[in-house]
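Have a look at the structure below before the remarks.
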Amino acid sequence: MKAAAYTTTTKGFPDTLAEQALDDALASGAEVPVLAISGLQGSGKSTLAAQVVARAQARGLRAAMLSVDDVYLTRSQRQRLARDVHPLLVTRGPPGTHDLPLAQAVLDAVIARTPTSLPRFDKLADERLPPAQWQALDAPLDLLVFEGWFLGTPAQPADALQEPLNALEREADPDGRWRRWCNQALAEHYAPLWRRCDRLWFLQPPDFAVVPRWRWQQEQHLQAAQPGRSGMTRPQLERFVQYYERVSRQALRTLPTLADRVIALDAERRVIRVH
């Protein structure tokens with residue numbers, strides 16, 4: 001579908017796109033559909049997820065959203081990984097830095113329509129919020145929108161890991177131990193989580209080159225929403241994005257053929273087409 005087919009009356013993506021995503025999830029046949037929205041950093045996946053939830057609620061459905069970012073390991077857990085496996089694992093983001101048992105337990109509870117709470121992560125503090133501050137679900141959901149930067153992405157073949165991809169890998173992972181460990185985690189532990197999703201939509205950027213700019217815009221919004229709290233500087237963010245680059249490029253290679261729907265975006269996040 002071409003972008004001209006879409007109109008919008010709200011900030012964010014076209015309302016018709018959110019409606020289409022909602023209809024697709026509800027048509028899955030699942031009692032409690034889980035709609036996965038995958039997209040690289042700053043692509044607008046949380047914006048689209050919130051719009052789908054709003055459209056569902058406007059129809060009288062109980063809906064909520066969960067981000068894969070909300071199930072990052074705590075700082076102390078990542079510090080243990082950094083000590084025991086590789087120093088780069090102290091930084092949240094790549095496969096292996098998520099609490100997968102927590103994520104699976106939450107999705108299982110939602111699907112079973114049993115009481116649960118949705119975890120939340122404070123990115124500026126780089127720490128998961130305590131359970132008392134999680135979103136309690138007072139009633140069973142009719143829809144869960146699960147968003148994340150690499151949902152549905154498969155692992156790379158081993159021979160693709162040999163050469164460093166960027167300055168971070170060249171300087172901090174010259175022997176490839178970190179990237180092999182992350183890739184192995186993706187291969188062995190994330191597929192069961194992906195299988196809990198009934199539909200997968202992928203927000204496809206024109207290329208990886210736009211991601212640092214998009215992620216910087218996101219960082220500025222985070223800091224503006226919470227004045228007085230410090231976040232990353234631009235050089236820090238440029239380095240931070242390199243932690244995500246390898247899996248992001250793998251997502252760009254694979255998700256266009258794996259996703260149920262692909263939303264192609266231009267460099268300003270405008271919808272070019274949906275297929």
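The values are calculated or read from the model by the stated rules, or taken from the named source; none is laboratory data. None of these values were measured; they are calculated from a predicted model. For neighbour counting, all protein chains shown are included, and Cβ atoms are generated from backbone atoms with ideal geometry for every residue, glycine included. Just the protein is used for accessible areas: all its heavy atoms, side chains included, with ligands, DNA and RNA removed. Shrake-Rupley method; radii C 1.70, N 1.55, O 1.52, S 1.80 Å.
Are any of the residues in segment 146-159 of a type in the set (A, V, I, L, M) and touching a strand residue (DSSP E or B) at 6+ places or on another chain (Cβ under 9 Å)?
We begin by selecting, within segment 146-159, every residue of a type in the set (A, V, I, L, M); these are 151, 155, 158.
Subsequent filtering for residues that are touching a strand residue (DSSP E or B) at 6+ places or on another chain (Cβ under 9 Å) retains 151.
Within segment 146-159, one or more residues are of a type in the set (A, V, I, L, M) and touching a strand residue (DSSP E or B) at 6+ places or on another chain (Cβ under 9 Å).
Considering each of 33, 87, 94, 14 in turn, give the residue that is loosely packed, with under 15 Cβ neighbours inside 10 Å and either touching a strand residue (DSSP E or B) at 6+ places or on another chain (Cβ under 6 Å) or in contact (Cβ under 8 Å) with a residue 60 or more places away in the chain (or both).
Working: 33 fails: loosely packed, with under 15 Cβ neighbours inside 10 Å; 94 fails: loosely packed, with under 15 Cβ neighbours inside 10 Å; 14 fails: loosely packed, with under 15 Cβ neighbours inside 10 Å.
Being loosely packed, with under 15 Cβ neighbours inside 10 Å and either touching a strand residue (DSSP E or B) at 6+ places or on another chain (Cβ under 6 Å) or in contact (Cβ under 8 Å) with a residue 60 or more places away in the chain (or both) holds for just one of 33, 87, 94, 14, which is 87.
I'm told residue 237 meets every condition in (1) within 20 Å of residue 45 (Cβ to Cβ); (2) touching a Pro at 6+ places or on another chain (Cβ under 9 Å); (3) touching a residue at least 60 places away in the same chain (Cβ under 8 Å); (4) in a helix (DSSP H, G or I) except one. Can you identify the failing condition by its number?
It is condition (3) that residue 237 fails.
Give 209, 185, 172 a once-over and let me know the one that is at pLDDT below 95, among the hydrophobic types (A, V, I, L, M, F, W, C) and surrounded by fewer than 21 Cβ atoms within 10 Å (Cβ to Cβ).
Working: 185 fails: at pLDDT below 95; 172 fails: at pLDDT below 95.
One residue alone meets the criteria, 209.
Being in a helix (DSSP H, G or I), open to solvent by 20 Å² or more (accessible area, probe 1.4 Å) and not aliphatic (A, V, I, L, M) is the filter; apply it to segment 246-275 and report the residue that is farthest from residue 28 (Cα to Cα).
So the residue we want is 246.
For segment 162-209, how many residues are more than 19 Å from residue 91 (Cα to Cα), outside any loop (DSSP other than H, G, I, E, B) and without any contact (Cβ under 8 Å) to a residue 60 or more places away in the chain?
Selection size over segment 162-209: 5.
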